[in-house]
1. Would a scan of the stretch 38-45 turn up a residue that is assigned to a helix (DSSP H, G or I) and of a type in the set (Gly, Ala, Ser)?
2. Looking at the stretch 266-280 only, could you name the residues that are surrounded by 12 or more Cβ atoms within 10 Å (Cβ to Cβ) and either of a type in the set (Gly, Ala, Ser) or farther than 23 Å from Ile89 by Cβ (or both)?
3. State all residues of the stretch 334-353 that are of a type in the set (D, E, K, R) and touching a Ser or Thr at 6+ places or on another chain (Cβ under 8 Å); if no residue qualifies, say none.
4. Which one of these is farther than 19 Å from Pro310 by Cα, among the acidic types (Asp, Glu) and without any contact (Cβ under 8 Å) to a residue 12 or more places away in the chain: Asp344, Asp334?
5. Among the residues that make up the stretch 368-387, is at least one of them under 21 Å from Ala121 (Cα atoms), hydroxyl-bearing (Ser, Thr, Tyr) and within 22 Å of the chain's Cα centre (by Cα)?
6. Among the candidates Leu370, Leu388, which residue alone is more than 30 Å from Met72 (Cβ to Cβ) and at pLDDT below 75?
7. Tell me which residues, restricted to the stretch 293-303, are out of contact with any Leu (no Cβ under 7 Å at 6 or more places or on another chain) and under 16 Å from Val181 (Cβ atoms).
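The values are calculated or read from the model by the stated rules, or taken from the named source; none is laboratory data. Remember, it's a predicted structure, so these values are computed and weren't measured experimentally. Quick reminder, even Gly has a Cβ in these numbers, built from the backbone with ideal geometry, and neighbours come from all protein chains shown.
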Amino acid sequence: MAKAAKSSANQMPDEQKLDVLVAGAGYVGLASAVAIKHARPGLNVAVVDAAPADAWQKDNRSSAIAAAACRMLEQLGLWHEVEPQAQAITEMIITDSRTGDPVRPVFLTFDGEVAPGEPFAHMIANRDLNRALRNRAAELGITILQGVGAEGFEVGGGGMDVQLSDGLRLHTRLLVAADGVRSKLRDLAGIKTVRWNYGQSGIVCTVAHERPHHGRAVEHFFPGGPFAILPLKGNRSSLVWAENTQEAERLIHGDEMVFEAELERRFGLELGEIRVEDKPRAWPLGFMLARSFVAPRLALAGDAAHGIHPIAGQGLNLGLKDVAALAETIVEADRLGQDIGALDVLERYQQWRRFDTAQMGVTTDILTKLFSNDVAPLRTARDFGLGLVERLPRLKNFFVKQAAGLTGTTPRLLKGEPL
């Protein structure tokens, strides 16, 4: 076997056979490699990623990390690096109104703690999370081949031969496909998907504002789609703005003053004057669920397995749940002397994650269709429902725990327990 390309973070030793090869160096791919290697140092784990070496450093987006995911990051030994850059969400409020309404009544509020001193979520810049994961991977001795993608594979001989874009062929017992919503590996495995488009695009940008947010997150439900203001460090917030696709394209590619005017109409005046810090970007919003999360020697994770509407802010956290469940499945199988790439082992991961993911997908689909309209009877019904949740503490507490990732059959890492 030839040596790795110079773009790799580490050099792949000649003739090395891997136990786990992860395709994709986003947060799901890196966290999968780190979680497995952290628990089973004796396993040979490597990561390949087709993106350029500096691509992750150019990602200006931020994400909400639920309390359960924070516990996992702490257990994996990297939360201490992430926390100084993270902004705790101390409160969440939800409104429902039209864009031009002079008053936006608050229908639902959530306190920001799942336990004393533990916020139900933090906001963190994607590049800060990716950097911390890369540093931890280096500490654990995980090879990262950057700028090198997995082009194909062949199953046989108790493992899988994976063909890389630089001509290398690697042998591994298990291939984890964390290569995104347009996963090439998912398609090569012949795994079909269920998908549909919402006719919306998600506009993302970061804004600076005059007054402090005090850790408060706000989600305004407008007829065109939800508009979320998520607190970042300092007097800054991350925006996730769902809008009709045609209107979103007009705003993104049109006059900057028009964009800023429409943004101010939605953002409101509570935090004073605002200023857009980076170039807004938009991507189409839809639903996607893989019909299977596994195939012989292959496991899908993160966006390769599922994609949902950002209305509930659970996209990243669904991916990290995949990480925790897959790592626990693999580690337990290895301790028992089982073949970690065998289909019966991988089926345990699928049974754990696919129903939960489908359930979250259906929930976000219903919420999207219920709230992204201006139909009077639906508006009355949803506002009544929000008000009912506001008046029922136990139900509200359930939703807080749901947002924190602490409901259902929770993998050990998400409970802050070692594997």
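1. We begin by selecting, within the stretch 38-45, every residue assigned to a helix (DSSP H, G or I); these are 38-39.
Those still in the list that are of a type in the set (Gly, Ala, Ser) too: 39.
Looking through the stretch 38-45, at least one residue is assigned to a helix (DSSP H, G or I) and of a type in the set (Gly, Ala, Ser).
2. Gly268
3. Of the residues in the stretch 334-353, the ones of a type in the set (D, E, K, R) are 334-335, 339, 344, 347-348, 353.
Of everything in the stretch 334-353, just one residue is of a type in the set (D, E, K, R) and touching a Ser or Thr at 6+ places or on another chain (Cβ under 8 Å), namely Arg348.
4. Numbers: Asp334 fails: without any contact (Cβ under 8 Å) to a residue 12 or more places away in the chain.
Going through Asp344, Asp334 in turn, the sole match is Asp344.
5. no
6. Details: Leu370 fails: at pLDDT below 75.
One residue alone meets the criteria, Leu388.
7. So the first thing to find is which residues in the stretch 293-303 are out of contact with any Leu (no Cβ under 7 Å at 6 or more places or on another chain), and the list is 295, 300, 302-303.
Those that are out of contact with any Leu (no Cβ under 7 Å at 6 or more places or on another chain) and under 16 Å from Val181 (Cβ atoms): Leu300, Gly302, Asp303.
One line per residue, one yes/no per condition, for (1) out of contact with any Pro (no Cβ under 7 Å at 6 or more places or on another chain); (2) closer than 22 Å to Lys58 by Cβ:
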| position | (1), (2) |
| --- | --- |
| Leu230 | yes, yes |
| Lys233 | yes, yes |
| Thr245 | no, no |
| Gly254 | yes, no |
